[in-house]
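We did not get these values from a lab; they are worked out from the coordinates using the rules stated. Please read all numbers here as calculations on a predicted model, not as lab measurements.
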Amino acid sequence: MNRTNYSFSEKEIFTLLFRKKTCPYCGSSKLSRITVKKFKGKGKSVIESMNFSSQIDIYQGNFVYQCTKCKKKFSLQSIVDLNNSKDKKRSKANTFFVIQSIIMILIILSIGISSNNIYIIIIFIPSIIIYYYITLFFTNNN
């Protein structure tokens, strides 16, 4: 008998279960997953309810991905690193558009209040909010 132990970080588990996996070299999403097992030693397997114990081989398992397009192999951690760099770029772009939208809303409010024209506020603030969500959509799809 043998037992394979796996250890993952929280980001690796999230990527493994929920994120789209792409090749960090060519960007292809057609990947094959390979389980690599490394022998760690012998151990005891005990089933207490049956008073049974036996010697087992213990392995450390890791997932390695191979791109079907460029045939390069890489680990799950490299996919996590790629996703983290994309998330940082997106968050910087999103912060920029949030600040830009807030400034635009404040400018429109000040113009509308100073000229006592409610129609400026009614017309332009929804268009700024629509602009914000359109830019948010396009920055998240890159």
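By the combined test of axial Cα extent (at least 15 Å) and Kyte-Doolittle hydropathy (mean at least 1.6), the qualifying DSSP H helices of the chain come to 118-140. Both the radius of gyration and Dmax for region 85-140 are 13.6, 47 Å, in that order, over alpha-carbon atoms. Between 44, 69, 30, the Gaussian network model of the chain with springs among Cα atoms under 10 angstrom shows the greatest mean-square fluctuation at 44. Running a GNM on the chain with Cα contacts under 10 Å, which residue among 83, 62, 116 ends up with the highest mean-square fluctuation? Most flexible of the set in this elastic network: 116. Note on region 2-81: Lys pairs 8 or more places apart or on different chains, Cα atoms under 22 Å apart, count 25. How big, in percent, is the set of alpha carbon pairs in region 2-81 lying more than 19 Å apart? It works out to 50 percent of all Cα pairs. Taking the DSSP beta bridges in region 2-81 as the whole, what percent of them are antiparallel, to the nearest 5? Bridges in region 2-81 that DSSP calls antiparallel: roughly 80 percent.
Note on the chain: the alpha carbon radius of gyration divided by the globular reference 2.2 N^0.38 Å gives 1.83.
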